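Notes follow the structure.
The values are calculated or read from the model by the stated rules, or taken from the named source; none is laboratory data. Only a predicted model underlies this, so the values are computations on that prediction, with no experimental measurement involved. All Cβ positions, even for glycine, are placed from backbone atoms using ideal geometry, and neighbour counts span all protein chains on display. All accessible areas refer to the heavy atoms of the entire protein, side chains included, with ligands and DNA or RNA removed. Shrake-Rupley method; radii C 1.70, N 1.55, O 1.52, S 1.80 Å.
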Amino acid sequence: MAKRRKIYEGKAKILYEGPEPGTIIQYFKDDATAFNNQKQAVLDGKGVLNNRISEFIMTQLNAVGLPTHFLRRLNMREQLVREVEIIPLEVICRNVAAGSMAKRLGMEEGAQLPRSIIEFCYKKDELGDPLVPEEYITAFNWASNQEIDDMVAMTLRVNDFLTGLFAGVGIKLIDFKVEYGRLYEGEMVRTVLADEISPDSCRLWDAATGEKMDKDRFRRDLGGVTEAYREVARRLGIFRDEQAGAEIVALETGGGK
Ligand code: TMP
Ligand code: ASP
């Protein structure tokens, strides 16, 4: 069997050349990092869970007319996506004060925001992905005004959709981060959702208890990280029940990666 060409390796995923031109394979690793790589761990089964959760969310977003790069899941750790040119911005949407916003403004975590707030961070690991104003984005040509408008409108639609989806299973969507790519189709270029949407990139709190069900469990040494991700998957109906989820993840992590 021929070796696949690796295009890029990030902190949580590897990208390989896809089977047809214009496609890419996203491989989800078990690696977890936080604070720009200062904290690292391997969390058995995280990649399997994020692959499934991101598949579930992207499929639903595609179905409601929000264009994404997602094509289909290939196996437990891989999905086929369209090749896009990633816009070098992290788009964050916040409903409730938490994380860096709470810290920056001296707000208590959990305070409801007056409305949903969108922030842009420049994707640059060496700089720790700094928050940037829109002026910088257009001046340095990271994205056009039209692309900024598209990203804001799409992110607010994603927020509405995800807020409802999670509320339906007893989870409060505090905030999340998404990334966008440029999809070239002949003469046309379209802004589409890219990367992943998973508990690595969202803050999810249990609606009844306030318990954290996302990567903050890892960032803040709360333990039970993959258990929380598995519970998110179970509530979304991705696994039949807790037992099935545990078995599927164990199967995939038992034999190494
Ligand atoms: P923050 O409060 O740390 O700025 O994070 C806001 C949201 O973005 C939160 O849901 C976690 C997510 N996020 C990422 O997906 N990647 C990152 O590198 C960071 C810092 C946050
Ligand atoms: N993704 C970032 C890192 O790997 C930060 C984070 O998610 O907290 O360092």
> Excluding ligands and nucleic acids, what accessible area in Å² is computed for LEU251 using a 1.4 Å probe, to the nearest 10?
Replying inline: 140 Å²
>> Sequence gap at least 6, Cα distance under 8 Å: using those rules, report the relative contact order of the chain to the nearest whole percent.
In response: 18 percent
> Which of the lysines could a cross-linker bridge to LYS177, judged by Cα under 26 Å and excluding same-chain residues fewer than eight apart?
Replying inline: LYS6, LYS11, LYS13, LYS29, LYS39, LYS46, LYS103, LYS123, LYS124, LYS212, LYS215
> When the Karplus curve 6.51 cos²θ - 1.76 cosθ + 1.60 is applied with θ = phi - 60°, which whole-Hz ³J(HN,Hα) does each residue of the stretch 222-232 get, with x for Gly and Pro?
Replying inline: 8, x, x, 5, 5, 4, 5, 4, 5, 5, 4
> Per residue, what accessible area does the chain have, given a 1.4 Å probe and all protein chains present, in Å²?
Replying inline: 49 Å²
>> What would the Debye equation give as log₁₀ I(q)/I(0) for the stretch 141-228 at q = 0.13, 0.22 Å⁻¹, counting only Cα atoms as equal point scatterers?
In response: -0.54, -1.05
>> Can you find, among VAL192, VAL169, MET151, the residue sitting farthest towards the positive end of the charge dipole of the stretch 148-201, where Lys and Arg contribute +1 and Asp and Glu -1 at Cβ?
In response: VAL169
> What Kirkwood hydrodynamic radius do you get for the stretch 46-111 when you take the inverse of the mean 1/r over all pairs of distinct Cα atoms, in Å?
Replying inline: 14.4 Å
> Among GLU179, GLU187, GLU108, which one shows the biggest mean-square fluctuation in a GNM of the chain, springs joining Cα atoms closer than 10 Å?
Replying inline: GLU187
>> I'd like the accessible area for VAL225, computed on protein heavy atoms only with a 1.4 Å probe and all protein chains in place. Round to 10 Å², please.
In response: 20 Å²
> What number, in percent, do you get for the relative contact order of the stretch 107-223 if the mean sequence gap of Cα pairs under 8 Å and at least 6 apart is divided by its residue count?
Replying inline: 15 percent
> On the first, second and third principal axes, largest extent first, how far apart are the outermost C-alpha atoms of the chain in Å?
Replying inline: 51, 50, 37
>> Can you give me the C-alpha center-to-center distance between the stretch 178-257 and the stretch 59-122, rounded to a whole angstrom?
In response: 12 Å
> Over the stretch 192-248, with a single point scatterer placed on each C-alpha, what log10 of the ratio I(q)/I(0) does the Debye formula yield at q = 0.20, 0.28 1/Å?
Replying inline: -0.77, -1.15
> Which whole-number percentage describes the relative contact order of the stretch 162-211, with Cα contacts under 8 Å and a sequence gap of 6 or more?
Replying inline: 41 percent
>> Ignoring everything except DSSP H segments at least 4 long, calculate the 222 nm mean residue ellipticity for the chain; use -39,500 (n - 2.57) per segment, divide by total residues, nearest 500.
In response: -10000 deg cm²/dmol
>> Quick one: 3J(HN,Hα) in Hz for the stretch 53-67, Karplus 6.51/-1.76/1.60 with θ = phi - 60°, rounded, Gly and Pro as x.
In response: 5, 5, 4, 4, 5, 4, 4, 5, 5, 4, 5, 9, x, 9, x
> In square nanometres, what is the average projected area of the Cα convex hull of the stretch 38-83?
Replying inline: 4.2 nm²
> Whole-Hz Karplus ³J(HN,Hα) for the stretch 199-209, in order, using 6.51 cos²θ - 1.76 cosθ + 1.60 and θ = phi - 60°, x for Gly and Pro?
Replying inline: x, 6, 10, 10, 9, 10, 10, 4, 5, 7, 10
> Per 5 Å bin, what is the whole-percent P(r) computed from every C-alpha pair distance within the stretch 1-145?
Replying inline: 2, 8, 12, 15, 19, 21, 14, 6, 2, 1, 0, 0
>> Can you compute the equivalent ellipsoid semi-axes for the stretch 63-213, i.e. the square root of 5 times each eigenvalue of the Cα gyration tensor, sorted largest first and rounded to whole Å?
In response: 26, 21, 14
> In whole percent, how big is the carbon plus sulfur part of the accessible area of the stretch 4-95, probe 1.4 Å, protein atoms only?
Replying inline: 49 percent
> Which far-off residues, 5 or more places away or on another chain, put their amide H under 5 Å from the one on ARG77, with H placed in the peptide plane?
Replying inline: none
> What ranking do 113-122, 127-136 get when scored by the average of other Cβ atoms within 10 Å per residue, highest first?
Replying inline: 113-122, 127-136
